[in-house]
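Notes for the one structure printed next.
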Amino acid sequence: FSFKLFGNELSAACNPTMRAALFGLSLALVSAVPQFDVNLDAAPAQRWQNVTSFYREDILAMTAQLQKNFEQFSSEARSQWHEAIEASMLEEHKAELQGIVDDMKSDTVSMEVLLLFNALYELSSSTACSGMLAAAPDGRMIHGRNMDYSFIYPMPNGTMHDLPDVTFDVTWWKKGQKLMTSVQWPMWIGLHTAMRFDGWTFEQNTRPNNDAVENLKILQTGGKLFGPEVRSVMESVPSFNDAVETLNATNFASPMYMVLAGAGDYEGAVITIDRGGKRLPGTPPVQHTEKASGSWHLLQTNDDLDKPAEDPRRPMAEMLLKQHEQSEVSEDFVWQTVRGLPLYVEKTAFSWVASPKTGYFRTIIHSEPPPVAGSVKLFEDPLQVAGHKSLKRRKLFKNHHLKVLSSRSV
């Protein structure tokens, strides 16, 4: 048979079965992380069944380890967190978690464990993370992020797994259309790394003074967990400017940084969030990329941008960026930056680069090399080429891709 890829058309002189296999092979070459669909029009309890089935053994191992980790809290403290998280969550989100519990049918997978897992950041689980926004010469925004976090747990066969083993991409669908994409872990239903198509990207980073006791007080009085709340905002707010305004005004239970890029030229922002929805004295205002001032990039790690850095990553990266011009900015440039020193570290679970104007996104885990320079255009989503508006048709190729990934791990 013959195979040609040109523009947005893919043709193969072969039968439908061969064509499906061909697309599956293309997917395997495009991304090493599994890809799943979440249909927001489906009943909440059914939305994560494909993920739960694929990661069943890991979920059992993860929840067993989580139960041990949560034993550091007294039963009274766990009860307080359980009640506060449950009160803060939408019924829809709780129904999704209950669906996971019901699908797993295991004593180790309880509603309490899943609620606490979705509040890991608010529980003061320490992460690092770095994010970069860069405007290409034409003003198009490109967003790069490193998720620096580790959660090691033993599998039944004695091997140890970590978050790169369970990192996957989700395409969120609503009314038959692609709405957004995100990087997920099993049982996590909120967003920490995501893009609304033709809209905006999002990344969350740890900020100092993320204290669980103080976070709980705010959560108990109406504060929000960042993951589920950001998901609700991304589902409902299409534009970058409205997203920045909405997130900046939200009563979050914990301090953090939020990094966003928009589909419009030079739409880039870093929001410094204070606990409780109040802006404290000394908190930096929203930082923006701007054409007029020549501010073509922003770099956020884990300290306030208007204060001395608390570790060498930001000043070292800024020093390196000063050796480059805006004319060099591209997806390749951002990949080279986030996957190089000093931003790429031992605990980088995954790296992600996206551009809301073009819809480009890609996730690679710690052990994978960055894309070869000049190869970004080769990584178009074959599912998009194959009729992305049809969720039913997409599943034909998705199922084959997951079979390929499963065979790799055997």
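Scanning region 29-54 for residues that are out of contact with any Phe, Trp or Tyr (no Cβ under 8 Å at 6 or more places or on another chain) and closer than 16 Å to L163 by Cα yields A32, T52.
Collect the residues in region 92-122 that are open to solvent by 10 Å² or more (accessible area, probe 1.4 Å) and either under 16 Å from I189 (Cβ atoms) or within 19 Å of the chain's Cα centre (by Cα) (or both), keeping them in residue-number order.
Pass one, region 92-122, residues open to solvent by 10 Å² or more (accessible area, probe 1.4 Å): 92, 94-95, 98, 101-103, 105-108, 110-112, 120-121.
Within region 92-122, E92, K94, A95, Q98, V101, D102, D103, S110, M111, E112, L120, Y121 meet the criteria.
Screening region 159-261 for helices (runs of 4 or more DSSP H) wholly inside it with 1 or more residues that are open to solvent by 40 Å² or more (accessible area, probe 1.4 Å), hydrophobic (A, V, I, L, M, F, W, C) and within 30 Å of E346 (Cβ to Cβ) returns the ranges 212-220.
Scanning region 85-107 for residues that are at pLDDT 95 or above and part of a loop (DSSP other than H, G, I, E, B), we see that the one that is nearest to N302 (Cα to Cα) is M89.
Checked across region 124-135, the condition of being open to solvent by 30 Å² or more (accessible area, probe 1.4 Å) and modelled with pLDDT of 95 or more holds for no residue.
For first residues located in region 54-79 and open to solvent by less than 20 Å² (accessible area, probe 1.4 Å), partners that are of a type in the set (G, A, S) and outside any helix (DSSP H, G or I) and lie 6+ apart or on another chain with Cβ distances below 8 Å form the pairs T63/S106; T63/S110. Would you check if there is a residue in region 291-300 being open to solvent by less than 20 Å² (accessible area, probe 1.4 Å) and either outside any strand (DSSP E or B) or of a type in the set (V, I, T) (or both)? Checked against the condition, which is being open to solvent by less than 20 Å² (accessible area, probe 1.4 Å) and either outside any strand (DSSP E or B) or of a type in the set (V, I, T) (or both), region 291-300 yields no hits at all.
Examine region 146-155 for a residue that is on the phi > 0 side of the Ramachandran plot, of a type outside the set (D, E) and open to solvent by 10 Å² or more (accessible area, probe 1.4 Å), and state whether such a residue exists. Quick ask: steps written out before the conclusion?
First pass over region 146-155, keeping only residues on the phi > 0 side of the Ramachandran plot: none.
No, because not a single residue in region 146-155 is on the phi > 0 side of the Ramachandran plot, of a type outside the set (D, E) and open to solvent by 10 Å² or more (accessible area, probe 1.4 Å).
Condition first: free of Cβ contacts under 8 Å to residues at least 24 places away in the same chain, hydrophobic (A, V, I, L, M, F, W, C), closer than 24 Å to V230 by Cβ and in a loop (DSSP other than H, G, I, E, B). Can you find one or more residues in region 280-288 that meet it? Scanning region 280-288 turns up at least one residue that is free of Cβ contacts under 8 Å to residues at least 24 places away in the same chain, hydrophobic (A, V, I, L, M, F, W, C), closer than 24 Å to V230 by Cβ and in a loop (DSSP other than H, G, I, E, B).
For region 346-375, taking the residues that are part of a strand (DSSP E or B) and touching a Lys or Arg at 6+ places or on another chain (Cβ under 7 Å), the one that is surrounded by the fewest Cβ atoms within 10 Å (Cβ to Cβ) is identified as S355.
The values are calculated or read from the model by the stated rules, or taken from the named source; none is laboratory data. Since this is a predicted model, take the numbers as computed values, not measurements. Backbone-built Cβ (ideal geometry, glycine too); neighbour counts: all protein chains shown. All accessible areas refer to the heavy atoms of the entire protein, side chains included, with ligands and DNA or RNA removed. Shrake-Rupley method; radii C 1.70, N 1.55, O 1.52, S 1.80 Å.
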